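Asker: One structure, as structure tokens, below. Some questions next.
The values are calculated or read from the model by the stated rules, or taken from the named source; none is laboratory data. Remember, predicted model here, so these are calculated numbers, not experimental data. Cβ placement follows ideal geometry from the backbone for every residue including glycine, while neighbour counts extend to all protein chains displayed. Side chains included, ligands, DNA and RNA excluded: accessible areas come from the protein's heavy atoms. Shrake-Rupley method; radii C 1.70, N 1.55, O 1.52, S 1.80 Å.
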Amino acid sequence: ETVRAARVRVAEVAATTERAVSVGFGCHLGEVIYGNIGTARRIDFTVMGAAVNLASRLESLCKPIGASGVFSQAVQEHCPELKPAGAHALKGIADPVPVWILPD
């Protein structure tokens with residue numbers, strides 16, 4: 001629902017500004033480590049872990065496959081309406097990863 005709402009809003013912004021605007025989401029479910037990382041002079045809140053890396057790699061597929069959202073199998077198991085978009089080689093991941101996208 002969030003990706004669909006974002007697509008609508010991005011289309012509105014593009015029409016209003018008369019500029020090409022797009023958005024891409026990568027979504028995966030998994031364990032992460034999160035919190036403040038840094039020193040006394042600079043602290044950043046961050047999220048780390050394999051699940052974060054996979055979500056980032058999924059997002060990088062949006063433009064090449066022409067999708068506004070790319071989802072992992074872990075997400076698809078909870079959202080059966082997603083449609084398969086093949087298995088793709090992702091940077092830093094040994095085997096091709098099956099991915100799903102929103103139906104049109």
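Asker: Using per-residue counts of other Cβ atoms within 10 Å, averaged over each peptide, order 17-23, 56-62, 72-78 from highest down.
Answerer: The peptides rank, most packed first, as 56-62, 72-78, 17-23.
Asker: Along the Cα-to-Cβ line of Asp95, 7 Å from the Cα, sits a label point; which residues in the range 56-79 have backbone N less than 15 Å from it?
Answerer: Hits in the range 56-79 for Asp95 at 15 Å: 73-74.
Asker: Still on this structure: If you work out Kirkwood radius over Cα pairs in Å from the coordinates, which of (1) 15.2; (2) 14.0; (3) 15.7 do you get?
Answerer: (1)
Asker: Roll a 1.4 angstrom probe over the protein heavy atoms and tell me the percent of accessible area of the chain that is carbon or sulfur.
Answerer: Roughly 55 percent of what the probe reaches on the chain is carbon or sulfur.
Asker: Sticking with this structure for a sec: Please report the relative contact order for the range 17-60, taking Cα pairs under 8 Å with a sequence separation of at least 6, and give it as a percent rounded to a whole number.
Answerer: Once divided by the residue count of the range 17-60, the mean separation gives 44 percent.
Asker: Right, next: Tell me, what is the per residue accessible area of the chain in Å², probe radius 1.4 Å?
Answerer: Averaged over the residues of the chain, the accessible area is 71 Å².
Asker: Something else: Based solely on its DSSP helices, what 222 nm [θ] is calculated for the chain when runs of n ≥ 4 H residues each add -39,500 (n - 2.57) and the sum is averaged over all residues, nearest 500 deg cm²/dmol?
Answerer: Taking each H run of at least 4 residues, the total per residue is -9000 deg cm²/dmol.
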